[in-house]
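Below is one structure, written out as structure tokens; the observations come after it.
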Amino acid sequence: MNTLFLDFAETLGYRNISEFESDLKIISKYAELDPGLISKKYKGYLRISQFYDRSLSFKDFKAELEFTTKHFSRFLTKELDIPNGEFIGEKIATDKYQTLTHSFFPEVGDALTHYAKDSQIYILSDGRPSRRNTLDLLGLNQFCKGYFISDEVGFVKSDTGFYNKVLQKIGIKGKVYFIDDAIDNLNAFCKVLRVECILMDRKHLLDKKGLKYLVLDSLPSLLYLNERN
């Protein structure tokens, strides 16, 4: 049995619709307004609310959901003059986190099935607590023993503190692998523990010269991982 750590965004999955477009659809559904009529107002409101500012962090999903509810409620009441905006805002916030806006890359399903046969799998992801909802909606909980999200951990993945926290909470088994699309994340983990790393480059943007990591544009099979050692 091995231990496999996997990044999510641009390693396992990608957004198939922007957060703005998805939110706009949900708002228009509950407000019963055409998206085209509220798009400009919502863009202007976002500049004030800074809702998409990733520097905003939340200790847990409850705190994130409360902030999200207030965000939508204020937009409905102040920008659209909808009387029951607070009630509808709560519905929109709940729907937002139950809406799947991501997809797996083509080979991911088969790869995870192979990995799960002889590896304990953990997802490591930078993001807010709601990232858990996304991972569950994609069905990753059937393959993984757990998720570690940066907001909840208290460190981003480029910080060694992230991996120290993770290792305090789990038991390492066998060989340890980490697949991620960011060099800084791989470097940080390697400072904490000896890890076999693979750098994902799905869009072929990296200059491979001088890189100490194996660079791939799709997930390898588990057999290939084992053959490398």
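Only the coordinates and a few stated rules stand behind these numbers; no lab work does. For clarity, every value in this text was computed on a predicted model and none was experimentally measured. So basically every Cβ, Gly included, is an ideal-geometry build from the backbone, and we count neighbours across all protein chains shown.
Given a cut-off of under 8 Å on Cα pairs at least six residues apart, what relative contact order in percent is computed for the chain?
Values: 337 pairs, mean separation 58.9, N = 229.
That works out to 26 percent.
Between Val195 and Lys29, how high is the FRET efficiency from 1/(1 + (r/R0)^6) when r is the Cβ-Cβ distance and R₀ = 25 Å? Nearest 0.05.
Working: r = 44 Å, r/R0 = 1.78.
So, using R0 = 25 Å, E works out to roughly 0.05.
Gap in Å between the Cα centre of the stretch 86-128 and the Cα centre of the stretch 183-197?
24
Can you give me the distance in nm between label points at Tyr52 and Gln142, each placed 7 Å from the Cα along the Cα-to-Cβ direction?
For Tyr52 paired with Gln142, the spin-label model returns 3.3 nm.
Taking the Cα centroid of the stretch 11-59 and of the stretch 129-160, what is the distance between the two, rounded to the nearest whole Å?
22
Could you point to the residue in Tyr163, Ile121, Phe143 farthest towards the positive end of the chain's charge dipole, with +1 and -1 charges on the Cβ of Lys/Arg and Asp/Glu respectively?
It is Tyr163, whose Cα lies furthest towards the positive end.
Can you check what the net charge comes to around Ile149, using other residues whose Cβ is under 15 Å from the Cβ of Ile149 (Lys, Arg +1; Asp, Glu -1)? Write down the numbers at each step before the final one.
Working: positive: Arg54, Lys59, Lys62, Arg128, Arg131, Arg132, Lys145, Lys157, Lys165, Lys169; negative: Asp7, Asp60, Glu64, Asp126, Asp136, Asp151, Glu152, Asp159, Asp180.
Overall, the nearby charge balance is +1.
Between Phe20 and Ser103, what is the FRET efficiency for a Förster distance of 25 Å, r being their Cβ-Cβ separation, to the nearest 0.05?
Working: r = 18 Å, r/R0 = 0.71.
Efficiency, from the Cβ-Cβ distance: 0.90.
For the stretch 112-171, just say rounded, prolate or oblate: build the C-alpha gyration tensor, square-root its eigenvalues into a ≥ b ≥ c, call rounded for a/c under 1.5, and beyond that prolate if a/b exceeds b/c, oblate if not. It would help to have the intermediate numbers written out before the result.
Numbers: a/c = 2.56, a/b = 1.33, b/c = 1.92.
Since a/c reaches 1.5 but b/c is at least a/b, the shape of the stretch 112-171 is classed as oblate.
Give me the one-decimal Kirkwood hydrodynamic radius in Å for the chain, with the sum taken over alpha-carbon pairs.
Computed over the chain, the radius equals 19.2 Å.
Can you divide the C-alpha Rg of the stretch 6-50 by 2.2 N^0.38 Å and report the result to two decimal places?
Numbers: Rg = 13.6 Å, N = 45, 2.2 N^0.38 = 9.3 Å.
For the stretch 6-50, the normalised Cα radius of gyration is 1.45.
Round to the nearest 0.05 the FRET efficiency obtained for Leu167 and Phe67 when R0 = 30 Å and r is the Cβ-Cβ distance.
On the way: r = 30 Å, r/R0 = 1.01.
Approximately 0.50, to the nearest 0.05.
Add -39500 (n - 2.57) for each DSSP H run of 4 or more in the chain, then divide by its residues: what number comes out at 222 nm, to the nearest 500 deg cm²/dmol? Let's see the in-between values first.
Values: 10 runs with 102 residues, N = 229.
About -13000 deg cm²/dmol.
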